[in-house]
Amino acid sequence: KGLMPKYSIRVPVERQRFVEGRLDIPEQYAGPRATAVVMAHGAANDMHEPLLGHLASGLCASGYLAMRFNFPYRTEGRKRPDSQRVLESAWLEVMKWLRTQTDFPVDRMVAGGKSMGARVASQLAAAGRLDAEGYAFWGYPLHPPGRKSQLRDDHLDSIQPPLLFVTGTRDAFCDLTLLEGVIARLGRRATLAVVEDGDHSFRLPKSADVPQQTVYDQILVRTLEWLGQ
């Protein structure tokens with residue numbers, strides 16, 4: 001109730017390869033004044049990953065267009081991620097497709113993603129190739145597990161629009177103390193939301209006795225708060 005049907009999309013990338021996606025449009029569509037949130041998945045998942053699905057439904061219910069998409073390797077049913085070039089091309093073609101849709105005009109676009117999807121978006125944004133009014137990163141992979149000296153943070157300084165980082169305190173890909181240092185360096189344009197005891201997928205230990213849905217709800221609330229600033 002309150003939501004329009006989900007629209008499936010298929011966007012060509014290169015050499016007969018495609019991005020598949022899903023666009024959720026709120027019933028009370030704001031037309032040209034609307035905000036769209038585009039989300040890419042992590043390396044081992046796809047656009048049906050529970051967190052992205054929860055975010056899409058919640059964002060749509062709150063009046064935002066929500067678009068999820070699969071990188072070509074997942075569209076093709078493969079597990080090994082595409083090359084950086086293909087991942088970047090997928091992001092750029094999806095954003096281009098959405099900006100040119102006259103049926104769903106938007107005034108503001110936010111690009112975000114889980115893990116790898118967030119990393120690629122951030123790299124494109126830093127290079128001035130991905131045009132968005134904000135960037136939301138759920139589980140940003142600040143470093144490889146066990147290799148905290150190999151930080152993926154230098155390029156973040158070049159991103160000027162607002163940034164949201166949502167991370168768990170047990171994330172093997174993102175030491176919280178190191179991320180806090182990055183946030184401090186980025187200044188007021190960066191916002192940090194912490195999921196206590198959450199791992200890279202925002203799962204809590206069984207001893208926490210907290211439903212996963214509750215964790216996803218908390219992430220959605222923090223995301224909506226940031227979008228409304």
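The values are calculated or read from the model by the stated rules, or taken from the named source; none is laboratory data. Here the structure is a predicted model, which means the values were calculated and not measured. Backbone-built Cβ (ideal geometry, glycine too); neighbour counts: all protein chains shown. Heads up: the accessible areas ignore ligands, DNA and RNA and are worked out on the full protein's heavy atoms, side chains in. Shrake-Rupley method; radii C 1.70, N 1.55, O 1.52, S 1.80 Å.
So the values come out like this:
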quantity	calculated
Net charge contributed by nearby residues that have their C-beta within less than 15 Å of Thr191 (K/R +1, D/E -1)	+1
Within-10-Å neighbourhood charge of Cys60 [Cβ basis; K, R +1; D, E -1]	-1
Of every Cα-Cα pair in region 34-149, the percent that sits beyond 18 Å	49
Centroid-to-centroid separation of region 47-68 and region 187-229 [C-alpha atoms, Å]	15
Local net charge near Leu23, Cβ-Cβ under 15 Å (Lys/Arg +1, Asp/Glu -1)	+1
Partner lysines for Lys114 [C-alpha distance under 23 Å; skip if fewer than 8 residues away on the same chain]	Lys6, Lys79, Lys96, Lys148, Lys206
Projected-area average for the chain over all orientations - Cα convex hull basis, square nanometres	12.5
Fraction of accessible area attributable to carbon and sulfur, region 1-137 (%, probe 1.4 Å)	46
